[in-house]
Amino acid sequence: MNLTELLGLEQIVPNLTAADRWNAIDQLIDVLVRTHKIRPEDRETVRKAVKDRELSKSTGIGYGIALPHASVASIQDVVAVFGRCLQGLDFQALDNQPVKMCVLFLTPQGQFQKHLLTLTAFARFLSNKDNRQKLEAAQTAEEILAIFRAAS
């Protein structure tokens, strides 16, 4: 799966200003609304789906990474947004470390295979220490997108 097919420049937030994981999730959902990846009227449904998933088990997978996600009926294809918060956020991650990189993605309801492929692709990319270090050092959304592109 080519991650840059899911992430465009406008879906990269190099400096999330969130104070906690819920605020980070809200900010990332706002980006999806602003970039017309989800409709404004679907914002609360999406927020509830992501929050419910997050409450069932944290999507903080370790290494400073969180992958909040949900399946929703209101979209036709996978959408994603990348946010970076260098001060770190408590996501109740598996390794109890603060999360610095967060990819929120949504898949159409009933497309479990696509959901699994997306989750695996982002987890594999972000689990690579070299990729994480490059993403942390990047200064701009353009530089972050170039890192995703180079790995594709």
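What follows is calculated from the coordinates using simple rules that are stated; it is not laboratory data. What you see is a predicted model; the values in this text were computed from it and never measured. In this analysis, Cβ positions are derived from the backbone assuming ideal geometry, glycine residues included, and neighbour counts consider all displayed protein chains.
Sequence-distant contacts, meaning Cα pairs under 8 Å at least 6 residues apart, place the relative contact order of the chain at 29 percent.
Close Lys pairs in the chain, defined as Cα atoms under 23 Å apart and 8 or more places apart or on different chains, number 12. Of all DSSP beta bridges confined to the chain, the antiparallel ones make up roughly 55%.
Think of the chain as a dipole: +1 on every Lys or Arg Cβ, -1 on every Asp or Glu Cβ, centred on the Cα centre; then among 76, 137, 14, 76 lies furthest on the positive end.
Among rounded, prolate and oblate, which fits the chain when a ≥ b ≥ c are the square roots of the eigenvalues of its C-alpha gyration tensor, a/c under 1.5 means rounded, and a/b larger than b/c means prolate? The shape class here is rounded. Extension gain, residue 2 to residue 73, is 23.3 nm, computed as 0.36 nm per intervening residue step minus the present C-alpha separation.
If R0 equals 22 Å, the separation of the Cβ atoms of residue 133 and residue 87 corresponds to a calculated FRET efficiency of about 0.80. Specify whether the C-alpha gyration tensor of the range 65-125 places it in the rounded, prolate or oblate class, a ≥ b ≥ c being the square roots of the eigenvalues: rounded for a/c under 1.5, otherwise prolate if a/b is larger than b/c and oblate if not. It comes out prolate by the Cα gyration axes.
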